[in-house]
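*Asks:* Below you will find the structure I want to go over with you.
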Amino acid sequence: MANKAKFQAIKGTRDLLPPETELWNRVEQTAREVFGTFGFGEIRPPIFEPTELFARAVGGETDIVSKEMYSFEDARGDLQEMREMIRNYALPATDEHWTNAFLGLLRNFQTRLEAGIRSGEVEHHQEAHAFYDYFSQGITHFQAELSHGVETNKPEIDRTFRLLKLAVAGVTLGPSVCLRPEATASVCRAYIEHGMQQWPAPVKLYYMGPMFRRERPQKGRYRQFYQIGAEVLGGTDAPGIDAEVIEMVMAFFGRLELQGAQLEINSIGHSAPNCRRGYVEKLKAALVEVKDKLGADSQRRIATNPLRVLDSKLEHEQAIIEKLPRIADSLCDDCKSYYAEVKRQLDLRGVAYRENWRLVRGLDYYMRTTFEITAQGLGSQNAVCGGGRYDGLVELLGGPPTKGIGFAIGEDRLILSLQEAGGGTATGRDVYIAWMGEKAQATAIAAARKLREAGLRVELPPVEQKFGKALGQADKLGAKFALILGEDEVASREWTVKRLADGTQEKVNGEAVVEFLKRKK
Ligand code: HAM
């Protein structure tokens, strides 16, 4: 029973607890094994990155960047407090005492800031410098105005005061960083930073770990959630790579016996006037025609991101969307034949798919192939995996022209789906050792060590307890076997092994018990 504690996990975050974490570990271990067989190696990028990285890669108009990122200025301490005081200073600008006090505060801040920049405490960048200069000039100006006396110069002083408060807001004390909302941008950043274009191509990387998006929490949607993802960077963009990446996810899901995994694919072309850009214009024109029938979100998106209108789940918009122009009719010849080849390559691999012309994905970096996989038992948040090709991304981030494709699996959703299908019940222990008597304890300790060395999960009670109580405890823990060690067993070296599921028991020689339990496990 959960207690109403003083401190609780932050909304949209949660503790993952045993025995469920056993399933998480199994899923992650399986990913490592399967991805390894496809030649992928693990990358572990940091959890926070420059905010600008995602703004650039994922796109400023996307929900992720415009509404959901946990970003903050990476600065602490007295400088920040002083800046806040200046920002919030509410003075009657006409009172000489107040204005002088404000000037003192400005001067202190300025001196402290300059020292901070010199010592490197303030992580200074070029753009911020213009603001420091502007702010410093403002102070000089303010002081000059004050020197003529507050009474004679009220409107000017008041104006400069307001401007200074505005200017200080632009004085940054550190870079803007954010908790990563996804990891494709991080992987591309790392690819460039470590000169991976020199590595044998293609570079195949996988990652797993927490991501952060400030979404409205619901079943299968969290603010801290976990992804298992993979990216293929560099080398060729042969459609066989797209198909193999998808084959790998499906093989992974197959190994986990995920139920009802449905793959949907699409091509969103490339950003040229005779391809996607032309389509977006057509789509925009068609959307303007039906604008009045659309909801507020879709209306806004006509201007900012018309493709995203196709993502709408609103009931009353569905019939309208079905009549909109479709991208397949606007793809250029290259993208058309590329898409046809991806499908052929999927067929070659026996990977079943459904085409969905509305699958545009919510991140800006995609081109050509996009795909999503849904699974059972998840309600409205049923996408367990999303991915696609992003050939221009590395270049957009300042690297060389590089082909790229990848996906990310929502691990929380994957686990939920496995649990709903009954695949998540993990037992806690293999063996519970019930012992009584001093001699039996010594034997029990030695037996526990041997069993653990053999990889079995063993519970050894630290104090003696009656066999009845011990067996009750073993039951509660979900142990498969109880190993019973009393004086008789120790003396005869014939130990009692009880199978808890049906209560049957047999005598096993102490020497053979590890082998016996390993076999039965
Ligand atoms: P995405 O579609 O934003 O793509 O996320 C991939 C998957 O992460 C989703 O299908 C979903 O299962 C899971 N997910 C997303 N948000 C949440 C949330 N708030 N709570 C729980 N699960 C969530 C990407 O992130 C791309 N980086 C994928 C990619 C990699 N494309 C190319 N390479």
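*Asks:* With no solvent and one point on each alpha carbon, what is the Debye value of log10 I(q)/I(0) for the range 431-520 at q = 0.22 Å⁻¹?
*Replies:* Once normalised to I(0) and log-transformed, intensities are -1.10.
*Asks:* A further question follows. What is the magnitude of the charge dipole of the chain about its Cα centre, with +1 placed on the Cβ of each Lys and Arg, -1 on the Cβ of each Asp and Glu, and no other charges, expressed in debye to the nearest 20? Could the numbers behind the result be given before it?
*Replies:* Details: 70 positive and 72 negative charges, 253 e Å.
Using Cβ point charges on Lys, Arg, Asp and Glu, the chain gives about 1220 debye.
*Asks:* Once you have the Cα-Cα distance between E420 and E487, take 0.36 nm times their residue separation minus that, and quote the gain in nm to one decimal.
*Replies:* On the way: separation 67, 0.36 × 67 = 24.12 nm, distance 4.56 nm.
Difference between extended and current length: 19.6 nm.
*Asks:* Moving on to the next point. Test of the criteria: in the range 2-91, which chymotrypsin sites (Phe, Trp or Tyr not before Pro) are in a DSSP loop and have at most 15 other Cβ atoms within 10 angstrom of their Cβ?
*Replies:* On the way: sites: F7, W24, F35, F38, F40, F48, F54, Y70, F72, Y89; in loops: F7, F38, F40, Y89.
Sparse-neighbourhood loop chymotrypsin sites (Phe, Trp or Tyr not before Pro): F7.
*Asks:* Lys and Arg at +1, Asp and Glu at -1: add these up for the other residues within a Cβ distance under 10 Å of G269 and post the number.
*Replies:* Working: positive: R276, R277, K336, R368; negative: D334.
Here the count lands on +3.
*Asks:* If you don't mind, another one. Compactness ratio of the range 276-330: Cα Rg over 2.2 N^0.38 Å, N = residue count? Show your work: numbers first, answer last.
*Replies:* Values: Rg = 10.1 Å, N = 55, 2.2 N^0.38 = 10.1 Å.
Cα-based Rg divided by the globular estimate yields 1.01.
*Asks:* For the charge dipole of the range 431-520, defined by +1 on Lys and Arg C-beta atoms and -1 on Asp and Glu C-beta atoms about the Cα centroid, which residue among A454, G468, T496 has the Cα displaced farthest towards the positive pole?
*Replies:* Result: A454, furthest along the dipole toward the positive end.
*Asks:* Would you mind checking K219/K403; K219/K518; K165/K291; K6/K219; K67/K219; K219/K282 for any pair whose Cα atoms are more than 31 angstrom apart? Display every interim value, and only then the final one.
*Replies:* On the way: K219/K403 35 Å; K219/K518 39 Å; K165/K291 42 Å; K6/K219 24 Å; K67/K219 20 Å; K219/K282 37 Å.
Pairs exceeding the cut-off: K219/K403; K219/K518; K165/K291; K219/K282.
*Asks:* Please compute the net charge surrounding D412, taking Lys and Arg as +1 and Asp and Glu as -1 over other residues with Cβ under 14 Å from its Cβ. Let's see the in-between values first.
*Replies:* On the way: positive: R14, R213, K219, R221, R223, R413; negative: D15, E20, E28, E215, E411, E420.
Spelling it out: positives minus negatives among the neighbours equals 0.
*Asks:* Mind listing the phi-derived Karplus ³J(HN,Hα) values for the range 131-141, rounded to whole Hz, using 6.51, -1.76 and 1.60 with θ = phi - 60°, and x for any glycine or proline?
*Replies:* After applying 6.51 cos²θ - 1.76 cosθ + 1.60, I find 5, 4, 4, 4, 5, 5, 5, x, 5, 4, 4 Hz.
*Asks:* Something else now. Relative to the compact-globule scaling 2.2 N^0.38 Å, provide the ratio for the alpha-carbon radius of gyration of the range 368-521. Mind showing how you got there, number by number?
*Replies:* On the way: Rg = 25.2 Å, N = 154, 2.2 N^0.38 = 14.9 Å.
Taking N as the residue count of the range 368-521, the ratio is 1.69.
*Asks:* Estimate the FRET efficiency between A201 and E73 by the formula 1/(1 + (r/R0)^6), using the beta-carbon distance for r and 35 Å for R0, to the nearest 0.05.
*Replies:* Working: r = 38 Å, r/R0 = 1.09.
Efficiency at R0 = 35 Å is approximately 0.35.
*Asks:* Let me ask something additional. Can you run phi through the Karplus equation (6.51, -1.76, 1.60; θ = phi - 60°) for the range 302-310 and list ³J(HN,Hα) in whole Hz, with x for Gly and Pro?
*Replies:* 4, 7, 8, 7, x, 4, 5, 4, 5
*Asks:* Could you tell me the calculated FRET efficiency between K520 and I445, based on Cβ-Cβ distance and R0 = 22 angstrom, to the nearest 0.05?
*Replies:* Details: r = 22 Å, r/R0 = 1.00.
The value I calculate is 0.50.
*Asks:* Let me ask you something else. Over the range 276-330, what is the relative contact order in percent, taking alpha-carbon pairs closer than 8 angstrom and at least six residues apart? Numbers along the way, then the final one.
*Replies:* Values: 34 pairs, mean separation 25.7, N = 55.
Dividing the mean separation by the residue count of the range 276-330 yields 47 percent.
*Asks:* Further, regarding this structure: For the range 167-266, how big is the tail of P(r) above 22 Å, as a whole percent of Cα pairs? Mind showing how you got there, number by number?
*Replies:* Values: 2587 of 4950 pairs.
So the pairs more than 22 Å apart make up 52 percent of the total in the range 167-266.
*Asks:* Moving on. Taking the Cα centroid of the range 72-95 and of the range 162-227, what is the distance between the two, rounded to the nearest whole Å?
*Replies:* Each part reduced to its Cα centre gives a spacing of 28 Å.
*Asks:* Pull out the extension gain between Q29 and H141, defined as 0.36 nm times the separation in residues minus the alpha carbon to alpha carbon distance; nm, one decimal. Before the final figure, lay out each step's value.
*Replies:* Working: separation 112, 0.36 × 112 = 40.32 nm, distance 6.42 nm.
Computed gain between Q29 and H141 is 33.9 nm.
*Asks:* Right, another one. Each label point is 7 Å from the Cα along the Cα-to-Cβ direction; what then is the distance between the points at R344 and R118, in nm?
*Replies:* Roughly 7.0 nm, to one decimal.
*Asks:* Between R159 and E322, what is the label-point separation in nm under the 7 Å Cα-to-beta-carbon projection?
*Replies:* Modelled inter-label distance: 6.2 nm.
*Asks:* Nearest 20 debye, what's the magnitude of the dipole of the range 54-189 about its Cα centre given +1 on Lys and Arg Cβ and -1 on Asp and Glu Cβ? Intermediate results must be reported in sequence, preceding the final value.
*Replies:* Details: 14 positive and 20 negative charges, 31 e Å.
Rounded to the nearest 20 debye, it is 160 debye.
*Asks:* Compute for the range 16-94: radius of gyration divided by Kirkwood radius, i.e. Rg/Rh, restricted to C-alpha atoms, rounded to two decimals. Before the final figure, lay out the partial values.
*Replies:* Numbers: Rg = 22.1 Å, Rh = 17.8 Å.
Ratio value, two decimals: 1.24.
*Asks:* Give me the distance in nm between label points sitting 7 Å out from Cα along the Cα-to-Cβ direction at D95 and S380, one decimal.
*Replies:* 5.2 nm
*Asks:* Ok, one more. Give, as a single signed number, the net charge of other residues whose beta carbon lies under 12 Å from the beta carbon of G388, with Lys and Arg counted +1 and Asp and Glu -1. Present the calculation step by step, with values, prior to reporting the outcome.
*Replies:* Working: positive: R361, R368, R389; negative: E231, D242, E264, D364, E372, D391.
So the surrounding residues net to -3.
*Asks:* Rounded to the nearest whole Å³, what is the per residue volume of the convex hull around the Cα atoms of the range 75-169? Let's see the in-between values first.
*Replies:* Working: hull volume 8.0 nm³, N = 95.
Measuring per residue, one finds 84 Å³ for the Cα hull of the range 75-169.
*Asks:* Whose amide H sits under 5 Å from the amide H of I405, counting only residues 5 or more places off or on another chain, with H placed in the peptide plane?
*Replies:* It is V232, Y390, by chain and number.
*Asks:* If we restrict to alpha carbons, what Rg and Dmax does the chain come to, in Å?
*Replies:* Values for the chain (Cα only, Rg and Dmax): 31.5, 108 Å.
*Asks:* Want the number for L396 to E355: 0.36 nm per residue separation, take away the alpha-carbon distance, what's left?
*Replies:* Numbers: separation 41, 0.36 × 41 = 14.76 nm, distance 2.90 nm.
So the extension gain works out to 11.9 nm.
FYI, it's all coordinate maths here, none of it is from the lab. Everything numeric in this text was worked out from a predicted model, so none of it was measured. We place every Cβ from the backbone using ideal geometry, glycine too, and count neighbours over all the protein chains shown.
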